[in-house]
Amino acid sequence: MKWKNLAGLTGILVLLFITIYFFEIKGGEERESKKRTENLLFSVPEDDVVRIEIRSESDSVICEKMNNVWSIVKPISAGCDSLALSSNLTSLLESTIDRRILDTLTALEPFGLDLPCAEVTLTGKDAAPQRLLIGDENPTGTSVYVKYPDKPNIFTTNKSLMTFVQKKPFDFRDKKIMHVVANEVNRIEVISKTKGKTKLEKTSDGWNIISPVTMRADNNEVQSLLNRLQNTKAKSFEDEKPINLAKYGLSMPLLTIHLFSGESLAQSTFSIGAKNLADESGASFAKESSRDPVFTVENWLTDNLLKSTFDLQDKNIVPNVRDQRKIDKVIWKFDDKSYVCEKSDSVNWKLVSLDNVDADEKQMERWLNGIAELTADELVTYSPGSLNSYGLNQPQVILSLFENGNEIGTVLIGWKIGESYFVKSADKPFVYKISKSKVIAVRKTAEDLTRKTS
C-alpha cells in the first residue's frame, strides 16, 4: 500500500513539474519573446529586407539588394561593404520600443517630430515599406523620440539608433582598393617610376622572379604585397567619374601593379598617382582599372607597395639552405687556410682538417645558424662584369655547403667597405653587401669550433 502511495505521489510531482515547465518556464520564455517581437521598431525579417533608405539633415543614402548582393543606388551608384551593412542592419532590426509616450496625437514640436532629424525606411520583399521618423533626445539624453507617420503614437527608443541614421554613404560603401583573391593570383608585374619593373610567377614551389633577373622570390614579401592589395580599404573617394586622370597623376602613375589570376590569367590593375596636397597625412590618389572612381590611399600603403626587385627577392646568399640541420659537410677557406668538417651522426660533427677532432656542439650550431642566415642587406649589382672591383676574384672567405654529399651552394666574401662586405653566391653573378656582424659570425677557424676541455 505504501508503494502505491509513493508511486501516486511521484506521478503527481512529475505532472506538477511538467505543468510548471511548460506553462511557467517555457511559456514565460515564449511570452517574453513575443513581447520583445511586438516591441521591435521594425517587423521585417533581416533576410527579407531588400531596400534601406536613410534620410538625415546632412546626408541621404539608399541601398538595394538584388540577387542577395547589396548596392548603393543613391546618392551614388556603388557596391556595398556587405559586412558593414549587415552588421548595422542587424543592430537596427534589434532596436525596440522603450516607452510609449503618447497614444493620442498632439503637437509634434516638443518631441522634434514636426521636423524630424532623420527617418529610416525598410522595405521587405513583397511587403509595404516600413517608415520611422526620428526626433529629439529625451531630457536625460538616453533615448530619442520616434514615430510612425501613419500612427498617432509617440515612443522612445535607445539613443544607439542614432548611430545607424548618422551613417554616410561612405560608411556602407565597398572600399576595397582591389577586387582580387590573393591565393588565386598566379602572375604579378610591379612597375615603379623609382624602383623599376619586376615580373613574378607562381609555381608549385612558391614565387619566382622572372624579370629583370631569374631567381627565387621571398614568398613572405610577395604574400604580404598581395594581402595588402586584397584587404586594404580606400581612405576617401575623390572623383566618381574622372575625365582627366592626369589631374591625379594617374596617366603616368608612380606605381602600377598588374595581377593575373586563375588559369585564364584574368588581369586586374591597381595604380597609385600623385599625392593629394589637400591631405595633411600624405595620402595619394589611386585607382583600380575595373572601376571608375579615383580614391585615396594612406601613405603607409604607398611605402609598402613600392618594391624593387631586390625588395621582393629571396635574400639568402645560398637560397638552397632552408634548414641548417640538413647540412652535413662544410669546406671553407679563411686566411689562406682550408678546413673541412663533416657530421659524424645526426647531431655531432668532426673537424676532418684537425685529425677528426670533435667539434663543439653549441659552437657548430651557432656557426651553422650564421651560415644559414647569410642574407643580403643591399644589392650592389645584378651585372657586375669584373669581380676584381669587389675583391671577389680572390675572396677572403669561401664557404661550400653540402647536403647528402652534394654541394648545395658556395658563398664568396670579398672586400670590406665601410661596415659591410661584398658577397655573392659562386653560381650567380649578383653582388650584394652584408653587414660586418654577419661576416664575423661565419669567419671561423677550425680551432674556433673545437670542443674545449677544462
Taking the range 231-252 and keeping only residues that are crowded, with 20+ Cβ neighbours inside 10 Å and touching a residue at least 60 places away in the same chain (Cβ under 8 Å), one is left with THR232, ALA234, LYS235
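Being of a type outside the set (Lys, Arg), crowded, with 18+ Cβ neighbours inside 10 Å and either in contact with a Gly (Cβ under 7 Å, 6 or more places away or on another chain) or under 22 Å from ILE327 (Cα atoms) (or both): is that true of TRP367 here?
Numbers: of a type outside the set (Lys, Arg): yes; crowded, with 18+ Cβ neighbours inside 10 Å: yes; either in contact with a Gly (Cβ under 7 Å, 6 or more places away or on another chain) or under 22 Å from ILE327 (Cα atoms) (or both): yes.
So TRP367 passes the test.
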Are any residues in the range 334-364 surrounded by 15 or more Cβ atoms within 10 Å (Cβ to Cβ) and among the charged types (D, E, K, R), and if so, which ones?
-> GLU342, LYS343, LYS350, ASP358, ASP360
For the range 82-108, the count of residues that are assigned to a loop (DSSP other than H, G, I, E, B) and within 19 Å of GLU38 (Cβ to Cβ) equals 3
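Just give me the residues in the range 151-170 being among the charged types (D, E, K, R) and surrounded by fewer than 16 Cβ atoms within 10 Å (Cβ to Cβ), in sequence order.
Once the filter is applied, which keeps residues that are among the charged types (D, E, K, R) and surrounded by fewer than 16 Cβ atoms within 10 Å (Cβ to Cβ), the range 151-170 yields LYS151, LYS159, LYS168.
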Just wondering, is there one or more residues in the range 57-73 that are under 35 Å from the mean Cα position of the chain (by Cα) and at positive phi?
-> yes
Look through GLY409, GLY405, GLY414, GLY391 and report the one residue that is more than 24 Å from THR198 (Cβ to Cβ), in contact with a Leu (Cβ under 6 Å, 6 or more places away or on another chain) and not assigned by TED's automatic domain parsing to the domain that holds SER211.
-> GLY414
Could you tell me which residue of the range 95-110 is farthest from the chain's Cα centre (by Cα), considering only residues that are surrounded by 14 or more Cβ atoms within 10 Å (Cβ to Cβ) and within 16 Å of ASN158 (Cβ to Cβ)?
-> ILE101
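Would you say SER264 is surrounded by fewer than 16 Cβ atoms within 10 Å (Cβ to Cβ), closer than 21 Å to GLY79 by Cβ and at pLDDT 95 or above? Reasoning before the result, please.
Values: surrounded by fewer than 16 Cβ atoms within 10 Å (Cβ to Cβ): yes; closer than 21 Å to GLY79 by Cβ: no; at pLDDT 95 or above: yes.
So SER264 does not fit the description; no.
With respect to VAL165, determine if the residue is in contact with a strand residue (DSSP E or B) (Cβ under 6 Å, 6 or more places away or on another chain), in contact (Cβ under 8 Å) with a residue 60 or more places away in the chain and outside the structural domain of LYS307 (by TED's automatic domain parsing).
Working: in contact with a strand residue (DSSP E or B) (Cβ under 6 Å, 6 or more places away or on another chain): yes; in contact (Cβ under 8 Å) with a residue 60 or more places away in the chain: yes; outside the structural domain of LYS307 (by TED's automatic domain parsing): yes.
Against the criterion (in contact with a strand residue (DSSP E or B) (Cβ under 6 Å, 6 or more places away or on another chain), in contact (Cβ under 8 Å) with a residue 60 or more places away in the chain and outside the structural domain of LYS307 (by TED's automatic domain parsing)), VAL165 qualifies.
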Restricting the search to the range 398-444, which residues are assigned to a loop (DSSP other than H, G, I, E, B) and within 15 Å of ILE371 (Cβ to Cβ)?
-> ALA426, ARG443, LYS444
Search result, residues across the range 154-181 that are assigned to a loop (DSSP other than H, G, I, E, B) and either closer than 29 Å to SER261 by Cα or not hydroxyl-bearing (Ser, Thr, Tyr) (or both) | LYS159, GLN166, LYS167, LYS168, ASP174, LYS175, ILE177, MET178, HIS179, VAL180, VAL181
One residue from LEU89, LEU15, LEU41, LEU83 being over 22 Å from TYR148 (Cβ atoms), surrounded by 10 or more Cβ atoms within 10 Å (Cβ to Cβ) and either modelled with pLDDT of 95 or more or not hydroxyl-bearing (Ser, Thr, Tyr) (or both) | LEU15
Identity of the residue in the range 182-200, crowded, with 16+ Cβ neighbours inside 10 Å and either of a type in the set (Gly, Ala, Ser) or over 14 Å from LEU225 (Cβ atoms) (or both), that ends up farthest from the chain's Cα centre (by Cα) = SER192
Go through the residues of the range 109-118 one by one and say whether even a single one is closer than 19 Å to LYS151 by Cβ, assigned to a helix (DSSP H, G or I) and touching a Lys or Arg at 6+ places or on another chain (Cβ under 9 Å).
-> yes
LEU351: passes all of (1) free of Cβ contacts under 8 Å to residues at least 24 places away in the same chain; (2) closer than 21 Å to ILE398 by Cα; (3) not acidic (Asp, Glu) but (1)
Output the number of the condition that GLU184 fails; it satisfies all remaining conditions of (1) over 30 Å from LYS233 (Cβ atoms); (2) acidic (Asp, Glu); (3) in contact (Cβ under 8 Å) with a residue 12 or more places away in the chain.
-> (1)
Among (1) touching an Asp or Glu at 6+ places or on another chain (Cβ under 9 Å); (2) of a type in the set (D, E, K, R); (3) modelled with pLDDT of 95 or more, LYS326 falls short only on (3)
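Quick grid of which residues meet (1) touching a residue at least 60 places away in the same chain (Cβ under 8 Å); (2) over 26 Å from CYS80 (Cβ atoms); (3) assigned to a strand (DSSP E or B); (4) outside the structural domain of THR194 (by TED's automatic domain parsing):
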{"position": "SER271", "(1), (2), (3), (4)": "no, no, yes, no"}
{"position": "ALA278", "(1), (2), (3), (4)": "no, yes, no, no"}
{"position": "ASP292", "(1), (2), (3), (4)": "no, no, no, no"}
{"position": "THR296", "(1), (2), (3), (4)": "yes, no, yes, no"}
{"position": "THR302", "(1), (2), (3), (4)": "no, yes, no, no"}
{"position": "PRO319", "(1), (2), (3), (4)": "yes, yes, no, yes"}
{"position": "LYS333", "(1), (2), (3), (4)": "yes, yes, yes, yes"}
{"position": "SER338", "(1), (2), (3), (4)": "no, yes, yes, yes"}
{"position": "CYS341", "(1), (2), (3), (4)": "yes, yes, yes, yes"}
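The values are calculated or read from the model by the stated rules, or taken from the named source; none is laboratory data. Bear in mind the structure is a predicted one, so any value in this text is a computation, not a measurement. Note that we place each Cβ from the backbone using ideal geometry, even for glycine, and neighbour counts take in every protein chain shown.
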